[in-house]
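Below: the structure, in structure tokens.
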Amino acid sequence: MKRFLILLLVVGIILSCIAISLESIPVQETSEQPQKIKILLDIAGENDLKPLVTEYLLKAFRKIENISVVLDIEEGVSYVISVVVVEARAGEKMQKTDNIAACIQYLDYFDNSILKQDVAVSNWERVNNLTENLIEHSRTGLYLFSKNELEKMTNGVVSKFQELFLEKDE
């Protein structure tokens, strides 16, 4: 019986040592991180509104995982969000009213360079098809809001983008 207990103790110690040594081996992650979707944010409008809208939109998009927002065209861009903002003016002196109009266009990224060769050889049918596809894959929205609702508007832009493009792919 003593031999059996000593043998059981030795086996237990050996198994414990093996378990400890296996825990110290670093585990390599086999799953790759998902590729971030690149969005080109193109903002135009009045100089005092442009940086403010850019800041709010960048902040809103940072809340979504797997999205990278760029402000200049670069490789890997999948979508373009084009925003034009103007502040409403009224009266004879055209004074600002603190109300903002924003036109937002959501586009699947489209590279016009693929049209150049078709235009050069007058392949108008293909050009028309590509143009139709460009129109079909874009959405435009008009937002009218007061200046203090800018964060609400930018969150709405992000939500609409998710609805139009990201949720349809899931």
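The values are calculated or read from the model by the stated rules, or taken from the named source; none is laboratory data. All of these numbers come straight from a predicted model, not from anything done at the bench. Here the Cβ is made from the backbone with ideal geometry for all residues, glycine too, and neighbour counts use every protein chain on show. To get the accessible areas, we keep the full protein, side chains included, count just its heavy atoms, and leave off ligands, DNA and RNA. Shrake-Rupley method; radii C 1.70, N 1.55, O 1.52, S 1.80 Å.
Points worth noting:
- Taking first residues from segment 60-87 that are closer than 21 Å to residue 139 by Cβ and part of a helix (DSSP H, G or I) and partners that are polar (S, T, N, Q) and open to solvent by 20 Å² or more (accessible area, probe 1.4 Å), the Cβ contacts under 8 Å between residues at least 6 apart in sequence or on separate chains come to 60/155.
- Qualifying residue in segment 136-155 (condition: of a type in the set (Gly, Ala, Ser), surrounded by 15 or more Cβ atoms within 10 Å (Cβ to Cβ), modelled with pLDDT of 80 or more and closer than 17 Å to residue 42 by Cα): no
- Restricting segment 91-105 to residues that are part of a strand (DSSP E or B) and among the hydrophobic types (A, V, I, L, M, F, W, C), the residue that is farthest from residue 140 (Cα to Cα): 100
- Some residue of segment 43-51 being farther than 22 Å from residue 164 by Cβ, open to solvent by 90 Å² or more (accessible area, probe 1.4 Å) and either modelled with pLDDT of 85 or more or assigned to a loop (DSSP other than H, G, I, E, B) (or both): yes
- Counted residues, segment 70-86 - those being under 19 Å from residue 150 (Cα atoms) and buried (at least 16 other Cβ atoms within 10 Å of the Cβ): 5
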